[in-house]
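Chemist: This is the structure I have questions about; it appears just below.
The values are calculated or read from the model by the stated rules, or taken from the named source; none is laboratory data. All values derive from a computational prediction rather than experimental measurement. Cβ coordinates were reconstructed from backbone atoms using ideal geometry, including for glycine residues, and neighbour counts include every protein chain displayed. With ligands, DNA and RNA removed, areas are computed over all heavy atoms of the protein, side chains included. Shrake-Rupley method; radii C 1.70, N 1.55, O 1.52, S 1.80 Å.
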Amino acid sequence: MDRIRIRGGRRLSGTIPVSGAKNAVLALMPAALLGGPLTLENVPDLADVATMSALLAQHGLAVEHDRAARRLAIGGAATNLEAPYDIVRKMRASVLVLGPLLARYGRARVSMPGGCAIGTRPVDLHLKALEALGATVELEAGYIEARAPDGGLRGAKIIFPVVSVGATENTLMAAVLAEGETEIVNAAREPEIEDLCLCLMRMGAVIEGVGTDRLRVTGVRELGAATHRVVADRIEAGTFACAAAITGGEVLLEGARLDHLGAVARVLREAGVGIQEDPRGLRVTRLNGLHGVDVQTDPFPGFATDMQAQFMALMSVAEGASMITETIFENRFMHVPELLRMGARINYHGASAIVRGVPQLSGAPVMATDLRASVSLILAGLAAQGETIVNRVYHLDRGYERVEEKLAAVGAEIERLRG
Ligand code: EPZ
């Protein structure tokens, strides 16, 4: 298994290109099941993209991934309507084929995703929404068996009790081919949802309220070909903003958008991080001291749960204390024990952690446990005295494209140890 070695203490300086968003492309790819051919540009080269490509290929679609050109071309029709356990268990986003398969082919058999490191991750909201559109849904031998009525799905009003990114995406992709009007109330407002709406509209879907928490879809008979550029990854941008801040550097995040950072920008600024818009993206600097800021994760435009671990690493070297409350997932503090090994002062009970900043972290061998926890350890390593070895970086490769190359290019002493 690859490891990443970092020698801390180097200020970052230079330009980091921000890749296309993982959490956008993992919803855009299944949209190709609705119609097409669909060509996606600015596609990040990630393990999860390869997994989703394999999933769509086993459904019978033709998937061509030109890594160098960052382009994915997906076409053809599904000949197999089953998403198998051995793929779904590796990547929960696989469940996003459910809505499109049901809408276009009237049937789908998708393995229940099962939980993951950060939580039980139920899909009950996805299933209830599809039933509201007329589907019958049964669970059998660990699989979701979903069938549309003979005349196809029918539009409905769907009110989500909690904001769910995936449930909003599955419902959207089912509704675009459903008969009549669908209204999705309390829809997720993450930029990745807006990106999916824009792509679906390019394919011929009729959607109103894009970017708001109330989406109105008018079903159409079929969706056609489209080309769509994947939106920049706001979590990768936020992660590298923390890297610039924790090392006291100055970095241009090429392609990043201030409006897509939501509350992350406000909180980082309160902590003493300079963030300025630039024609090419965002310029992030940290000229003076960092100070502790309290934060609670919330759905967009609140502070992203996917930025919680990275922010905790930053707060571990701030002056003063920071109370960090994780409201989205029930087990998203697995980076804490590893940060403690590096000399951080953190304690947590339930959903809230208190971080007391220390002047200096010390490098150590640490273990990656999930995608965002892994990158928080790299951030800590960039600031720590001495050497940090992050083990099990396959977690990292799921969601960050060549992270060590991007950081080395702006002055970090970081390398991947193969094997
Ligand atoms: C998406 O996961 C992202 N993944 C996650 O990013 C992100 O953390 C999450 O949204 C929240 O922003 C992708 O887009 C591929 P949810 P998703 O449905 O859709 C509960 C990363 O690191 N819930 O918005 O699975 C759920 O348990 C990953 O890039 C139900 O109860 O998240 C959670 O508490 C991690 N029933 C809350 O809603 C359901 O049917 C939000 O989950 C669905 C969700």
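Chemist: How compact and how long is the range 233-330, expressed as Rg and Dmax of its alpha-carbon atoms in Å?
Modeler: Using the Cα atoms of the range 233-330, the pair Rg, Dmax is 12.3, 39 Å.
Chemist: Roughly speaking, what % of Cα-Cα pairs in the range 348-387 are separated by over 15 Å, rounded to a whole number?
Modeler: Cα-Cα pairs in the range 348-387 separated by more than 15 Å: 53 percent.
Chemist: Let me ask something additional. Relative to the longest principal axis of the chain, what angle (0 to 90°, nearest 10) does the C-alpha long axis of helix 191-202 take?
Modeler: So the helix axis and the longest Cα principal axis differ by about 30 degrees.
Chemist: Quick one: if the Förster radius is 22 Å, what FRET efficiency do Asp45 and Arg280 give, using the C-beta to C-beta distance and rounding to 0.05?
Modeler: Computed FRET efficiency for Asp45 and Arg280: 0.55.
Chemist: Let me ask you something else. Test of understanding: what is the full-extension gain from Leu417 to Glu330, defined as 0.36 nm times their sequence separation minus their Cα-Cα distance?
Modeler: 28.1 nm
Chemist: Within the range 221-239, whose backbone N sits under 17 Å from a point 7 Å along Cα→Cβ of Ala62?
Modeler: Under cut-off, by backbone N: 224-227.
Chemist: Could you check the simple spin-label distance between Arg121 and Asp298, using points 7 Å along Cα→Cβ, in nm with one decimal?
Modeler: Each label point is offset 7 Å from its Cα along the Cβ direction, giving 2.6 nm.
Chemist: With each pseudo-label sitting 7 Å past Cα toward Cβ, what's the Asn80-Val185 distance in nm, one decimal?
Modeler: Going by the 7 Å Cα→Cβ label model, 4.1 nm.
Chemist: Can you tell me the 0 to 90 degree angle between the C-alpha axis of helix 371-383 and the longest principal axis of the chain, rounded to 10?
Modeler: Taking the Cα atoms of the chain, the angle to 371-383 is about 20 degrees.
Chemist: Let me ask something else about it. Across bins of 5 angstrom width beginning at 0, how are the C-alpha pair distances of the range 43-99 distributed, in whole percent?
Modeler: Calculated over all Cα pairs of the range 43-99, the distribution is 4, 19, 29, 25, 17, 5, 0 percent.
Chemist: Hey, another quick one. Any chance you could look up the accessible area of Ile158 with a 1.4 Å probe, heavy atoms only, rounded to 10 Å²?
Modeler: Roughly 10 Å² of Ile158 is accessible to a 1.4 Å probe.
Chemist: Also, quick follow-up: Can you pull the Kirkwood radius for the chain, inverse mean 1/r over Cα pairs, to one decimal in Å?
Modeler: 21.8 Å is the Kirkwood radius here.
Chemist: Oh, and also: Once you charge only the Cβ atoms, +1 for Lys and Arg and -1 for Asp and Glu, what is the size of the charge dipole of the chain about its Cα centre, to the nearest 20 debye?
Modeler: 700
Chemist: Rounded to the nearest angstrom and ordered from largest down, what semi-axes does the equivalent ellipsoid of the range 1-59 get from its C-alpha gyration tensor (root of 5λ)?
Modeler: One finds semi-axes of 32, 16, 7 Å for the range 1-59.
Chemist: With a point put 7 Å past each Cα toward its Cβ, work out how far Met323 is from Ile159 in nm, to one decimal.
Modeler: 3.2
Chemist: In a Debye calculation with equal point scatterers on the alpha-carbon sites of the range 249-395 and no solvent, what is log10 I(q)/I(0) at q = 0.17 Å⁻¹?
Modeler: Taken in order of the listed q values, log10 I(q)/I(0) reads -0.97.
Chemist: If you wrap the range 225-264's Cα atoms in a convex hull and average its projection over all directions, what's the area in nm²?
Modeler: 3.4
Chemist: Extension gain Arg221-Ser13, at 0.36 nm per residue separation less the Cα-Cα distance, in nm?
Modeler: The span from Arg221 to Ser13 would gain 69.7 nm if fully extended.
Chemist: Can you list, largest first and rounded to whole Å, the semi-axes you get for the range 122-165 by taking the square root of 5 times each eigenvalue of its Cα gyration tensor?
Modeler: Gyration-tensor ellipsoid for the range 122-165: 18, 17, 5 Å.
Chemist: Moving on. Out of Ala24, Leu12, Ile118, whose Cα points farthest toward the positive end of the dipole of the chain (charges: +1 Lys, Arg; -1 Asp, Glu; placed on Cβ)?
Modeler: Positive-end residue among those listed: Leu12.
Chemist: Taking Cα centroids, how far is the range 200-216 from the range 367-419 in Å?
Modeler: Answer, in whole Å: 37.
Chemist: With a/c under 1.5 counting as rounded, go ahead and sort the range 195-266 into rounded, prolate or oblate using the C-alpha gyration tensor (a ≥ b ≥ c being the square roots of the eigenvalues; past the cut-off, prolate if a/b is larger than b/c, else oblate).
Modeler: prolate
Chemist: Return the inverse of the average 1/r over all pairs of distinct C-alpha atoms in the range 146-210, which is the Kirkwood hydrodynamic radius, in Å to one decimal.
Modeler: Computed over the range 146-210, the radius equals 12.2 Å.
Chemist: Scale the Cα Rg of the range 141-279 by the rule-of-thumb value 2.2 N^0.38 Å and send over the ratio, two decimals.
Modeler: In units of the 2.2 N^0.38 Å rule of thumb, it is 1.31.
Chemist: Could you let me know the centre-to-centre spacing of the range 2-18 and the range 93-108, using Cα atoms, in angstrom?
Modeler: 40
Chemist: About its Cα centre, how strong a charge dipole does the range 98-232 have in debye, to the nearest 20, once Lys and Arg get +1 and Asp and Glu get -1 at the Cβ?
Modeler: For this selection, approximately 160 debye.
Chemist: Let me ask another. Which of rounded, prolate or oblate describes the range 328-399 when judged by the alpha-carbon gyration tensor and an a/c cut-off of 1.5?
Modeler: Cα axes put the range 328-399 in the oblate bin.
Chemist: So, one more: Over all distinct Cα pairs, what is the inverse of the mean 1/r for the range 37-187, reported as the Kirkwood hydrodynamic radius in Å?
Modeler: The answer is 15.9 Å.
Chemist: Let me ask something else about it. Given a 1.4 Å probe and the protein chains all in place, what does the accessible area of Thr168 round to, in Å² to the nearest 10?
Modeler: Thr168 has an accessible surface of roughly 0 Å² with all protein chains in place.
Chemist: Let me ask something additional. Once the convex hull of the alpha carbons of the range 270-320 is built, what does its volume come to per residue, in cubic angstrom?
Modeler: Cα-based convex hull of the range 270-320, divided per residue, equals 94 Å³.
Chemist: Please express the Cα-Cα pair-distance distribution P(r) of the range 8-113 as a list of whole percents, one per 5 Å bin, running from 0 to the bin with the greatest distance.
Modeler: Spelled out bin by bin, the range 8-113 gives 2, 13, 23, 23, 16, 9, 4, 4, 3, 2, 1, 0 percent.
Chemist: Could you tell me how far the Cα centroid of the range 34-60 sits from the Cα centroid of the range 154-192, in Å?
Modeler: So the separation of the two Cα centres works out to 22 Å.
Chemist: Carbon and sulfur together cover what percent of the accessible area of the chain at a 1.4 Å probe radius?
Modeler: Ligands and nucleic acids excluded, carbon and sulfur reach 48 percent.
Chemist: Could you tell me the relative contact order of the range 124-278? Use alpha-carbon pairs under 8 Å, at least six residues apart, and round to a whole percent.
Modeler: Once divided by the residue count of the range 124-278, the mean separation gives 16 percent.
Chemist: A further question on this structure: Which values of log₁₀ I(q)/I(0), to two decimal places, follow from the Debye formula for the range 105-204 at q = 0.11, 0.25 Å⁻¹ with a uniform point scatterer at every Cα?
Modeler: Ignoring solvent entirely, the Cα scatterers give -0.33, -1.44.
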